[in-house]
Amino acid sequence: MRPTGGPLLSAVHGDITEEAVDAIVNAANTRLARGGGVDNAIHEAAGDADLRAACAELGGCETGDAKATQGFALPARFIIHTVGPVWSGGDRGEDDLLASCYRRCLEVADQLGARSVAFPAISTGVYGFPPERAAAIAVHILRTVPTAVQAVHLVAFDAATYRLYQQLLDDAPHAPG
Ligand code: ADP
């Protein structure tokens, strides 16, 4: 444990739908409608009919915000749906909006009582956010925002993103004790 009591961060290379954690995060869209990428995989694995119905009740989600549903057929008990910014050059508040996604997901996780949470690389797929910049923001927020979450898995679907996470986590290792 870190002296500040923040979560232990670890990099995982794989498919987030297989993560046996309390909650997995989905990189969703503002309508919370089934999309591509990780969203599609989560709908497939959770059960499309159940997840569609649960999402429809939430009334959409603003960019930078997060809302939860059950995990249905997933190993994870909950899905926290967050909407990352679409990258449009970096001067449209994209950094702050991405930071807000990670912060809001931790807040929602705390409300759910989730102690272990797995995140995908939000916005770095179809939404085009530069992966290195996104990874640095993710690690910074997850290391600094107070939360009762104890374990965070940064799940990379591709090898390049996995290396980015490993480098960032190695650069500033957790203080012992
Ligand atoms: P966004 O629209 O927010 O960019 P995407 O789903 O297109 O979301 O991509 C976000 C990240 O999720 C990308 O790094 C992509 O490679 C990754 N990804 C896609 N499928 C999975 C999966 N099954 N598990 C974990 N990460 C995934």
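The values are calculated or read from the model by the stated rules, or taken from the named source; none is laboratory data. Values in this document were obtained by computation on a predicted structure and should not be read as measured data. When we count neighbours, we look across all protein chains shown, and the Cβ atoms used for this are built from the backbone with ideal geometry, even at glycine. Note: areas computed on protein heavy atoms with side chains; ligands, DNA, RNA excluded. Shrake-Rupley method; radii C 1.70, N 1.55, O 1.52, S 1.80 Å.
Structure summary
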{"item": "Cβ pairs under 9 Å, 6+ apart, first in region 44-69 and more than 15 Å from Arg31 (Cβ to Cβ), second open to solvent by 60 Å² or more (accessible area, probe 1.4 Å) and in a strand (DSSP E or B)", "result": "Ala46/Gln70; Asp50/Gln70"}
{"item": "Single residue of Val117, Val108, Val86 found to be touching a helix residue (DSSP H, G or I) at 6+ places or on another chain (Cβ under 6 Å) and either of a type outside the set (Lys, Arg) or closer than 24 Å to Ser10 by Cα (or both)", "result": "Val117"}
{"item": "Residues of region 20-61 satisfying the condition of being out of contact with any helix residue (DSSP H, G or I) (no Cβ under 8 Å at 6 or more places or on another chain), open to solvent by less than 30 Å² (accessible area, probe 1.4 Å), in a helix (DSSP H, G or I) and within 11 Å of the ligand (Cβ to nearest atom)", "result": "Asp39"}
{"item": "Of residues in region 84-97 being surrounded by fewer than 16 Cβ atoms within 10 Å (Cβ to Cβ) and not in a helix (DSSP H, G or I), the one farthest from the ligand (Cβ to nearest atom)", "result": "Asp91"}
{"item": "Residue list for region 120-150, restricted to those being open to solvent by 30 Å² or more (accessible area, probe 1.4 Å), hydrophobic (A, V, I, L, M, F, W, C) and within 18 Å of Asp15 (Cβ to Cβ)", "result": "Val126"}
{"item": "Candidate set: region 1-19, residues that are closer than 21 Å to Arg104 by Cα and of a type outside the set (Ser, Thr, Tyr); chosen: the one most open to solvent (accessible area, probe 1.4 Å)", "result": "Leu8"}
{"item": "Set Asp171, Asp110: member being farther than 27 Å from Leu58 by Cα and open to solvent by 50 Å² or more (accessible area, probe 1.4 Å)", "result": "Asp171"}
{"item": "Qualifying residue in region 143-165 (condition: away from the ligand (no atom under 16 Å from the Cβ), outside any loop (DSSP other than H, G, I, E, B), on the phi < 0 side of the Ramachandran plot and among the hydroxyl-bearing types (Ser, Thr, Tyr))", "result": "yes"}
{"item": "Every pair of residues 6+ apart whose Cβ atoms lie under 9 Å, when the first sits in region 98-114 and is touching a residue at least 12 places away in the same chain (Cβ under 8 Å) and in a helix (DSSP H, G or I) while the second is open to solvent by 50 Å² or more (accessible area, probe 1.4 Å) and acidic (Asp, Glu)", "result": "Ala109/Asp22; Leu112/Asp22"}
{"item": "Looking only at region 62-74, and only at residues there that are more than 13 Å from the ligand (Cβ to nearest atom) and part of a loop (DSSP other than H, G, I, E, B), the one that is most open to solvent (accessible area, probe 1.4 Å)", "result": "Glu62"}
